[in-house]
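Here's the structure we're looking at; comments come further down.
The values are calculated or read from the model by the stated rules, or taken from the named source; none is laboratory data. Owing to the predicted nature of the structure, the values given are computational and were not obtained by experimental measurement. FYI the Cβ positions are ideal-geometry reconstructions off the backbone, even for glycines, and counts take in every protein chain you see. The protein model used for the area step is the full one, side chains on, heavy atoms only, and it has no ligands, DNA or RNA in it. Shrake-Rupley method; radii C 1.70, N 1.55, O 1.52, S 1.80 Å.
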Amino acid sequence: IVGSLLVTSALAVAQNQGDDIDRVQAQWVQAFNTKNLPGLVALYAEDAVLMPPTGERIVGREKIAEYFKPIFASASRVTINPTSDKTNTSGDIGYDGGHYEETIVTGGGATISGRATISGRATISGGGGTQSVHRGNYLVILKRQTGKWLIVQQATTEVSQTGK
């Protein structure tokens, strides 16, 4: 019975840690899709390493923020949909690997600036902008630091890109 309790307890701890990793992924997706740069960067350890499909090695929260800032600024909409293929933990280290589809829309929309008066029946519309869809794979390594899971390494590859 003691052995069964230890195995059951170990499985419960592993499941809770897996749930924690899933929560970090959900928070990352939420921050990315809403272009919440401070929220996104807060999920990384101070000395985290980001390796985007370009092959760059971006080290530290400040540099990671510099990487995402122009993406968010130039896009009218960003959406990423990751699918986790494998998540696991061992002690204070965990990982999540899978594949993703990311859609980035730039341009489009309508802008009115300066002094403008609109009266009567008016319709203002903007184009849909330029949309690009990226598909690839990812691997995220996390470490539990000060009681919470933080991303310490993130690598992505791109297997296809389409423009619409």
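Based on what the data block shows, is Ile80 closer than 27 Å to Gln131 by Cα and touching an Asp or Glu at 6+ places or on another chain (Cβ under 6 Å)? Yes; evaluated as a whole, the condition is true for this residue. For segment 29-52, a residue qualifies if it is among the charged types (D, E, K, R) and either open to solvent by less than 10 Å² (accessible area, probe 1.4 Å) or touching a residue at least 60 places away in the same chain (Cβ under 8 Å) (or both), and exactly one does: Asp47.
Would you confirm, using the coordinates I've provided, whether Gly39 is among the small types (Gly, Ala, Ser), in a loop (DSSP other than H, G, I, E, B) and more than 10 Å from the chain's Cα centre (by Cα)? In short, no.
Selection of segment 53-89 for residues being farther than 22 Å from Ile104 by Cβ, of a type outside the set (Ser, Thr, Tyr) and in contact (Cβ under 8 Å) with a residue 60 or more places away in the chain yields only Asn88.
Among the conditions (1) at pLDDT 95 or above; (2) part of a helix (DSSP H, G or I), Glu46 misses just one, which is (2).
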